[in-house]
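Written out below as structure tokens is the structure these notes cover.
The values are calculated or read from the model by the stated rules, or taken from the named source; none is laboratory data. Quick caveat: nothing in here was measured; it's all calculated off a predicted structure. For neighbour counting, all protein chains shown are included, and Cβ atoms are generated from backbone atoms with ideal geometry for every residue, glycine included. Calculation scope for accessible area: heavy atoms of the full protein, side chains included, ligands and nucleic acids excluded. Shrake-Rupley method; radii C 1.70, N 1.55, O 1.52, S 1.80 Å.
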Amino acid sequence: GEMRRLGTTLGARPSTIAGLSGVGDTFGTCFGPLSRNRKFGYRLGQGETVEDILKSTTEVAEGVETSKALVRFITEKCGGYRLDLKYPIIFGVADILEGKLTPREGLEGLMNMPLRTESYR
């Protein structure tokens, strides 16, 4: 829902988000063994700090800065109340990277959110 919501807010077609350039790229990032973002997240989940991971690698996990930039962009451009409820994954990842939440707290926060129906127009 978050990719679709943000994409359509910016003028993208839902079919673009659902295709290879949207969901396909996300799957590659999340599950690909060579993904720098996946490696970074795995290490973070194992208890390493953001600072230690960044110091110990020459690879760039672009999602680190992108997630923070997305939160700033959404806050400034999308408007609305409680944007963290509309974009819980984006805001949660940024909070973890900024040290406001542990990975476990972020996951528990997502898993404890009330279920709701998503509209896929």
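The table below lists the values:
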| item | result |
| --- | --- |
| Residue under evaluation Thr75, criteria (1) part of a helix (DSSP H, G or I); (2) in contact (Cβ under 8 Å) with a residue 24 or more places away in the chain; (3) open to solvent by 60 Å² or more (accessible area, probe 1.4 Å), criterion not met | (2) |
| Leading residue by the ranking (surrounded by the fewest Cβ atoms within 10 Å (Cβ to Cβ)) among those in the stretch 30-55 that are of a type in the set (A, V, I, L, M) and touching a residue at least 40 places away in the same chain (Cβ under 8 Å) | Val50 |
| Within the stretch 54-88, tally of residues that are over 30 Å from Arg116 (Cβ atoms) and in contact with a Phe, Trp or Tyr (Cβ under 6 Å, 6 or more places away or on another chain) | 1 |
| Residues located in the stretch 103-121, provided they are under 14 Å from the mean Cα position of the chain (by Cα) and touching a residue at least 40 places away in the same chain (Cβ under 8 Å) | Pro103 |
| Residues satisfying the stated conditions in the stretch 103-112, i.e. within 14 Å of Leu44 (Cβ to Cβ) and open to solvent by 50 Å² or more (accessible area, probe 1.4 Å) | Pro103, Arg104, Glu105, Leu107 |
| Conditions (1) under 14 Å from the mean Cα position of the chain (by Cα); (2) open to solvent by less than 40 Å² (accessible area, probe 1.4 Å): number failed by Glu65 | (2) |
| Scan of the stretch 78-102 for residues that are free of Cβ contacts under 8 Å to residues at least 60 places away in the same chain, surrounded by fewer than 17 Cβ atoms within 10 Å (Cβ to Cβ) and part of a helix (DSSP H, G or I), ordered by number | Leu83, Asp84, Leu85 |
| Checklist (1) under 19 Å from Met3 (Cβ atoms); (2) acidic (Asp, Glu); (3) at pLDDT 95 or above applied to Glu48, failing item | (1) |
